[in-house]
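Please treat every number below as a calculation from the coordinates, not as lab data. Just so it is clear, the structure is predicted and the values come from calculations on it, not from any experiment. Note that we place each Cβ from the backbone using ideal geometry, even for glycine, and neighbour counts take in every protein chain shown.
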Amino acid sequence: MSAAREEILRRIRDALADVPRDEAPDDVDVPREYEVHDPEATVARFVERLRDYGTVVHEVGADAVSHAVGDACRGRGVARVVVPADLPEAWRPDEVEAVVDQGLDAAQLDDVGAAVTAAALAIAETGTIVLDCGPGQGRRLLSLVPDVHVCIVRAEQVVGGVPAAIRLISAGVRESGRPVTFVSGPSATSDIELSRVEGVHGPRRFDVVLVHA
Amino acid sequence: MTTGFPAAAQQALQDTQLRRNLGNATRTIREKRARAVAERPDWEALRAAGSAIKRRVLRHLDEYLLQFEAAVGAAGGTVHWARDAAEAGAVVAAIVRETGAREAVKVKSLTTDEIRLNESLAAAGIDVVETDLAELICQLAGEEPSHILVPAIHKNRVEIRDLFRRAFGRSDLSDDPNELADAARAHLREKFLRARVAISGANFAVAETGSVCVVESEGNGRFCTTLPDTLVTVVGIEKLVPTPEDLEVFLQLLPRSSTGERMNPYTTLWTGVTPGDGPQSFHVVLLDNGRTDVLGDEVGRPTLACIRCSACLNVCPVYARTGGHAYGSVYPGPIGAILTPQLRGVEEASTLPYASSLCGACYEVCPVMIDIPRVLVHLRARVVESGASARSERAAMRALAWTFGDDRRYRRAQKMGRLAGRPFAHDGLIARLPGLGAWTGTRDLRAVRRQTFREWWERR
């Protein structure tokens, strides 16, 4: 297929005959006058945005996480959850069976009621949780297959807008190619007459436990 | 285009159900978008940045593609190149066959629709399962998608219920969207769990890191890019952005412009192969299929900046009445009217640049500031130059040029027009002119005045 490669590159160079030979990509100016640090971006805004998506937010102190996670699971009628191996003991749900992920396959994950994970960071302006497979977050499949996702976010992980979040995760993408997932509310579709329906494929219920220091 | 836009539009306009579905849908999204955009005080700055980033990429596309290819390779993926639809189909079929799989799950992708990938794979004995709810509806109905974002916008819930009852053998289904979505979930979950190969498109591809980004709502994108062993992603060569940081602009522009949300439910960004997480075999197919022709036209080039948000469809008075199918392409609406003729050649889609009133609403909402009306006018000129315009129109324009070119000929023509028009004028209006039905069929002409300005001036 290298003939295709050479030909496409040649076509591109022919097509760009009007671009001066000595022009470098950075010579094309990109004005960046948009907001990078959203002044409105507060934890309160984050909670408000999450609730707009219909996400249940449990706000707790650092010593009550386990119980709040347990409550979230019980609130969704879940008796068995899967957790990443490195999720802190204090963040596992109380009085709910927790299966530690040691490479479960999709069918096994489909059999548990919920996944409980940490997050890499969160975006106030858009009510978004960012996962980058870092500590306490597990594999991508973990937070995808079970019908409920309970995500634990520390208040200090909440950043302002999208630019602040992208700049933080870019380092990990650059250095180790970590997969990144942005989650903003539950899975949804508006494909039928634009009526919003929650949960076509991803978790139909998405709850957040917000931990205040 | 065998019939052309006017013929197809004429037919679509007869379908009152379609017009009602479309009217409701486009109005709803239009209003949502307006609210989401009004929330961002820096919206115009974001548009300017988005437009400039795309301009930078397009002017140095060869360098960025080579950088992307190297980065994907370094991250454990493989890059393939395809000059056209047939080549892309063959490349994907070969990759799938190599795995031994006969079935692939697929996440909604316009690029793969453009190259009719499902058909090429079917011909190679590979079944493709569409996993996006709307695409599944279209696939089961054997119909083409009609909207970039809401492909089944032309179908209402009763039509969808009847379709699902037949397809899933579930006569108990009601027309409640929740229940219909549930039925699709159950049907597709089983497909996902046994899928070994997935096919996706990409919203953005990052040159520096070789990362690929898919923006979606339902979670089928996450499934396709995470669950199977092998992932094949078809990427138009124009989808590149230079760095991961550039996504901070597009991940704000795209959701607000397309669904009118602050953020879409799921965005997935992955880089090559991650050991122990996701597909362990990853292929990117870089597709030209006419894009380099668009690139070579300096006026048309910005068309390649399009991020497929579909905001221009929802504000277009023409689209809202004819729907997507009339455009005869997977790219409908204003963006389709400029993209399709450039991808296929103006001779192949010569009526599309005229499928617009040039009102400019599309330009106003475009998140990357593509001046669609300017490109439309430019393409109309190209249609005329190519000789693909109507013969009668060319003859009329030649006659007009001859008449306007000389003062005496012009005066004589005015007098003749006054006389010739008289039998057809009623109450100062001409509603029909023999031989010019194409013009007068949709417009009334004012009868020629008894006195011209020049005559009045001379007698003053």
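The distance from the alpha carbon centre of the stretch B:168-211 to that of the stretch B:378-427 is 55 Å, rounded to a whole number. Between helix B:16-38 and chain B there is an angle of about 70 degrees, using the helix long axis and the longest principal axis of the Cα atoms. Panel order for B:Ser329, B:Ser281, by other beta carbons found within 10 Å of each beta carbon, from fewest to most: B:Ser281, B:Ser329.
Roughly what % antiparallel, to the nearest 5, for the DSSP beta bridges in chain B?
35
Taking a ≥ b ≥ c as the square roots of the eigenvalues of the alpha-carbon gyration tensor, the stretch B:40-289 is classed oblate because a/c is 1.5 or more while a/b is no larger than b/c. Each of A:Thr42, A:Ala165, A:Thr128 was scored by the projection of its Cα onto the charge dipole of the stretch A:39-212, and the greatest displacement toward the positive side belongs to A:Ala165; charges sit on the C-beta of Lys, Arg, Asp and Glu. Around the amide H of A:Val82, modelled in the peptide plane, lie the amide H atoms of A:Val99, A:Ala114, A:Ala115, A:Val116, all under 5 Å away and 5 or more residues distant in sequence or on another chain.
Peptide B:182-191 has a mean of 3 when you count, residue by residue, the C-beta atoms of other protein chains within 10 Å of its C-beta.
Kirkwood's formula applied to the C-alpha pairs of the stretch A:1-112 gives a hydrodynamic radius of 20.1 angstrom.
Note down the relative contact order for the stretch B:40-289 as a percent, whole number, built from C-alpha pairs under 8 angstrom at least six residues apart.
It comes to 28 percent, rounded to a whole number.
Simple rule: put +1 on each Lys or Arg Cβ and -1 on each Asp or Glu Cβ in the protein assembly as shown, find the dipole, and look at B:Leu136, A:Ser66, B:Ile370; the Cα lying farthest toward the positive end is B:Ile370.
Where a ≥ b ≥ c are the square roots of the eigenvalues of the C-alpha gyration tensor, would you call the stretch B:1-155 rounded, which needs a/c under 1.5, or, failing that, prolate if a/b is larger than b/c, or oblate? Oblate, since a/c reaches 1.5 and b/c is not below a/b. Taking the DSSP bridge list for the stretch A:42-135 and keeping only pairs wholly inside it, about 35 percent are antiparallel. The aspartates and glutamates within cross-link reach of B:Lys415, meaning a Cα-to-Cα straight distance under 12 Å and a gap of 8 or more places when in the same chain, are B:Glu455.
Rounded to the nearest 20, the size of the Cβ-charge dipole of the stretch B:338-460 about its Cα centre is 920 debye, with Lys and Arg at +1 and Asp and Glu at -1. Sequentially through the stretch A:50-65, phi angles give Karplus couplings (6.51, -1.76, 1.60; θ = phi - 60°) of 4, 5, 4, 7, x, 7, 7, 10, 9, 9, 9, x, 4, 8, 10, 5 Hz, Gly and Pro residues having no value and appearing as x.
Pairwise inverse Cα distances across chain B, averaged and inverted, put the Kirkwood hydrodynamic radius at 24.3 Å. In vacuum, with every alpha carbon of the protein assembly as shown counted as one equal point scatterer, what does the Debye formula give for log10 I(q)/I(0) at q = 0.05, 0.11 Å⁻¹? Two decimals, please. These q points yield log10 I(q)/I(0) values of -0.26, -1.12. In chain B, helical runs assigned H by DSSP with n ≥ 4 each contribute -39500 (n - 2.57); averaged across all residues and rounded to the nearest 500, the mean residue ellipticity at 222 nm is -15000 deg cm²/dmol.
Across the options B:Leu61, B:Val234, B:His80, the greatest Cα extent toward the positive end of the charge dipole of the stretch B:40-289 (unit charges at beta carbon of Lys, Arg, Asp, Glu) belongs to B:Val234. Judged by a Cβ-Cβ distance under 4.7 Å, the unpaired cysteines of chain B are B:Cys138, B:Cys213, B:Cys224, B:Cys306, B:Cys309, B:Cys316, B:Cys359, B:Cys366. Charging the Cβ of each Asp and Glu at -1 and of each Lys and Arg at +1, and nothing else, the dipole of the stretch B:1-139 about its Cα centre rounds to 740 debye. Within a straight-line Cα-Cα reach of under 22 Å, B:Lys106 can be paired with the following lysines, leaving aside sequence neighbours fewer than 8 residues apart in one chain: B:Lys155, B:Lys191, B:Lys239. Antiparallel beta bridges, as assigned by DSSP with both residues in the stretch A:39-212, represent about 25 percent of the total such bridges. Classify the stretch A:39-212 as rounded, prolate or oblate, taking a ≥ b ≥ c as the square roots of the eigenvalues of its Cα gyration tensor: rounded when a/c is under 1.5, otherwise prolate if a/b is larger than b/c and oblate if not. Since a/c stays below 1.5, the shape of the stretch A:39-212 is classed as rounded.
Given Cβ point charges of +1 (Lys, Arg) and -1 (Asp, Glu) and nothing else, what value in debye, to the nearest 20, does the dipole of the stretch B:391-459 about its Cα centre take?
180
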